[in-house]
Structures are given as C-alpha cells and as structure tokens.
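Bear in mind that the values in this text are calculations on the coordinates, not laboratory data. Since this is a predicted model, take the numbers as computed values, not measurements. Note that each Cβ is placed from the backbone with ideal geometry, even for glycine, and that neighbours are counted across all protein chains shown.
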Amino acid sequence: MREAAALLEEGALGAGLAWPLTPWSSSESLAERLASNPFVMAPMAGVSDRAWRLMARAGGATTAYSEMVSAAGLHFASEKTWELVIPDANEPELAVQLFGSDPALFEEAAAKVAARLGRRLAFLDVNMACPVAKVVRKGEGVALMDDAPHAEKIMRACRAGLDKAGVRAPLTAKIRLGRTPERPVFLDFAKALEDAGASAVAVHGRFGSQGYAGTSSISAIAEVATALAIPVLASGDALSPRRSADLLRESGAKGVLIARGSYGNPWIFSDARRLLQGEEVPVHSPWQRLSALELHLRLLEATGEHMLKARQISCHYLRGLPGAADARRGVMRCATLDEFLALIEGFGEELARRQTTP
Ligand SMILES: Cc1cc2nc3c(=O)[nH]c(=O)nc-3n(C[C@H](O)[C@H](O)[C@H](O)COP(=O)(O)O)c2cc1C
C-alpha cells in the first residue's frame with residue numbers, strides 16, 4: 001500500500017489539485033486565515049474522513065473539520081473515537097468538532113484533544129447544530145440551543161480544558177437558527193456564545209426541525225454577522241462555487257463552510273475563491289474527474305477506511321459523465337480497490353471511444 005503523501009505527490013497535478021499543502025502559520029489568527037482564504041471543508045459525520053479532507057485541502061479548502069466526535073466517547077477512551085480526532089500525517093492541522101451535553105466531559109475532552117494535537121489543532125468546535133433524533137433526545141446537538149446558559153457553560157468548560165492543556169487554540173461553535181421555527185433564538189444565542197468566549201460562530205441558516213429541507217436563510221446569517229464582533233462562518237446550500245462565493249458576499253460572513261457541494265467536487269474551494277477574485281473558473285474535464293476519483297479511492301485505502309465507502313464516492317465523481325448510469329451499476333459490484341480501479345480504467349477507455357466515434 002502506498003503512503004498518502006506519495007499518492008498525492010504523484011496524482012494531485014493530473015487531478016487539478018494542489019500539493020503540498022500550506023500549513024497555518026502559528027502567528028496567523030483565525031480571522032487572518034479566513035481573510036486570505038474563506039472556504040472551509042465543513043464537518044460531515046460518516047463522510048469527512050482523512051481521505052476526504054486531504055482531497056478538500058488539495059482542492060483549496062483553507063482548513064477542514066473532523067467528523068463530529070463524542071465528548072463522552074473520548075472519556076471512555078475508545079480508540080475508534082480517537083480515530084476521528086487524529087489528523088492524517090499529511091494534514092497540517094485539523095478543526096476538531098465535539099458533541100455532547102455534559103460540561104465536565106467537554107472540559108476533559110477539550111484538554112485531551114488539545115494535548116494530543118497541540119499546535120495542529122486549528123480550532124476546537126462545539127456542535128450545537130446536529131438535528132439527528134438520537135442526538136437531540138440526549139440534549140445534545142441543536143437541543144443545546146434551547147438552553148443558552150447551559151451552552152455557555154459548555155463553552156467555558158472547553159476553554160478551561162484548552163487552558164489546562166496549555167493550548168491557545170480558537171474555540172468555536174456551530175449552530176442553526178434554533179431547534180424549531182417557533183423559537184428563532186439564533187441572534188441572542190450567538191451573542192451569548194460570544195460573551196462566553198467563542199472565537200467564531202458558524203451558522204447553518206436552517207432550524208433543526210428542517211433537517212436539510214427548504215432553503216438556508218442568508219438574511220438570518222447576515223443578522224448574526226452584523227451583530228457579532230467575532231468572525232461568523234456561513235453554512236447552508238453552498239452547493240456550487242458560485243453559490244459559495246455569493247453566500248460569503250451576501251451574508252457578510254468571514255468564511256463559508258462547504259459540505260454537500262464537495263461531493264465529487266474537491267475543486268469547489270479553489271473555484272469559489274477564483275470567482276471571488278473575479279477570475280474564470282476552469283473546466284474540470286472528464287479525465288481530470290477520473291484522475292481525482294482514482295486519487296480519492298487510493299487515499300481511502302491508504303488511510304485505512306473501509307472500501308465500501310468507495311461506492312458512494314465513485315457515484316459522486318461519475319455523475320453527469322456520459323455512460324455514468326451503467327458505470328454506477330458496475331460500482332455497486334466493486335468491493336476492493338483493484339476492482340474500483342479496473343472499473344475506472346474501463347470507463348475511461350469507453351469515454352475515449354465515445355469521443356473518437358463520430
Ligand atoms: C452527511 C452529512 C453529515 C453531516 N455531519 C455533520 C457533523 O458531523 N457536524 C456538523 O456540525 N454538521 C454536519 N453536517 C452539516 C453540514 O456541516 C452543513 O452545515 C450542512 O450540510 C449545510 O451545508 P450544505 O448545504 O453546504 O451542505 C452534515 C451534513 C451532511 C450532509
């Protein structure tokens with residue numbers, strides 16, 4: 001099995017990606033970093049693993065979040081939970097997102113994460129946005145938005161944990177507009193987090209009860225961005241480079257989290273940045289897409305992820321290409337890296353035939 005660094009060294013250029021990555025300078029604040037590149041790989045449980053984050057970083061993401069990590073899981077020191085926290089050797093730094101509800105467990109988890117990551121901890125984030133029923137039922141995720149004083153306690157506990165570890169990393173939270181539209185608490189809630197010492201707040205412009213339905217409210221995010229002195233990161237419907245750049249401009253936020261828009265599109269980060277700078281967005285040819293898919297799948301294996309994840313990833317990259325429907329059926333029969341690579345090669349040959357046949 002090849003090392004992730006060697007795979008990126010060899011495959012990034014052909015896939016239209018940048019390698020090596022630029023580490024954050026220790027003298028640079030979060031606000032300064034966002035000012036030079038505002039597009040961040042969002043947290044996505046079950047998706048934003050090491051391979052995904054390396055692709056996003058090589059595609060121009062300024063930094064990336066971990067998947068959400070249980071503060072209680074870190075208390076019980078399960079190695080499976082630590083797997084979510086420890087960045088790949090080739091990730092210069094990582095933003096770690098914790099979820100839970102007990103301030104004491106947050107303090108302990110913050111201290112442990114900071115001690116393990118040290119200066120590679122880009123920032124520590126508290127999930128106050130997850131709407132999944134089994135999370136909300138335990139008073140975690142977006143349920144925290146019903147109790148601002150408790151959420152403040154959690155922020156203070158995290159800061160105490162970071163201090164205990166002697167790590168001066170920024171502390172952030174990710175929120176929605178509230179749990180339900182009956183309680184649109186986002187503005188006061190975000191101010192409470194700022195008072196409790198948050199360094200930045202990310203706002204997804206939907207209520208918890210909406211899940212991912214409807215549209216994310218840019219105007220609500222803009223209200224928070226105007227009211228807070230700390231940087232606000234906008235989240236919701238950043239599904240293309242254009243929509244990501246527009247979200248930044250229209251919300252007045254200092255950064256944008258890109259989540260579903262990165263499916264099969266690691267270039268979305270640098271493309272959005274180009275648009276912001278008034279430049280043209282390059283066309284990503286089918287060959288570049290296949291090269292990127294191959295690199296992503298090789299990284300998946302190199303970082304020890306289960307190859308079953310490769311099915312979904314392949315479907316994302318193949319979407320919209322001629323012959324993709326047949327290829328997607330083939331993908332569902334693949335299980336090993338070699339089987340996926342053979343399918344990509346066959347698909348590429350078929351694509352070349354189609355292009356040369358009048
Ligand atoms: C599969 C999936 C997993 C997600 N997991 C998390 C998570 O662990 N923590 C979190 O704060 N948000 C999570 N989110 C929410 C995203 O970070 C983001 O806020 C949301 O998808 C809206 O952005 P988008 O419209 O650009 O996708 C997840 C979203 C998706 C689609």
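Residues in the range 301-358 that are of a type in the set (Val, Ile, Thr) and either touching an Asp or Glu at 6+ places or on another chain (Cβ under 7 Å) or surrounded by 13 or more Cβ atoms within 10 Å (Cβ to Cβ) (or both): Thr303, Ile313, Val331, Ile344. In this entry, Arg289 passes the filter for residues that are touching a helix residue (DSSP H, G or I) at 6+ places or on another chain (Cβ under 7 Å) and more than 16 Å from the ligand (Cβ to nearest atom).
Part of a helix (DSSP H, G or I) and within 16 Å of the ligand (Cβ to nearest atom): does that describe Val113? So Val113 passes the test. The criterion of at least 3 residues that are free of Cβ contacts under 8 Å to residues at least 40 places away in the same chain and either within 16 Å of the ligand (Cβ to nearest atom) or at positive phi (or both) is met, among strands (runs of 3 or more DSSP E) falling completely within the range 30-102, by 65-70.
Residue-by-condition table, conditions (1) without any contact (Cβ under 8 Å) to a residue 60 or more places away in the chain; (2) part of a loop (DSSP other than H, G, I, E, B); (3) surrounded by fewer than 17 Cβ atoms within 10 Å (Cβ to Cβ):
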| site | (1), (2), (3) |
| --- | --- |
| Lys134 | yes, no, yes |
| Met145 | no, no, no |
| His150 | yes, no, yes |
| Arg156 | yes, no, yes |
| Val167 | yes, yes, no |
| Lys174 | no, no, no |
| Gly178 | yes, yes, no |
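Selection within the range 328-358: residues that are aliphatic (A, V, I, L, M) and not in a helix (DSSP H, G or I). The member of this set that is farthest from Glu294 (Cα to Cα) is Met332. Scanning the range 231-271 for residues that are more than 14 Å from the ligand (Cβ to nearest atom), free of Cβ contacts under 8 Å to residues at least 60 places away in the same chain and over 22 Å from Val281 (Cα atoms) yields a single hit, Gly252. The range 183-262 holds helices (runs of 4 or more DSSP H) entirely within its bounds, and those carrying 3 or more residues that are surrounded by fewer than 20 Cβ atoms within 10 Å (Cβ to Cβ) and not charged (D, E, K, R) map to 218-227. None of Glu305, Glu301 is within 19 Å of Leu7 (Cβ to Cβ) and either of a type in the set (S, T, N, Q) or assigned to a loop (DSSP other than H, G, I, E, B) (or both) except Glu305.
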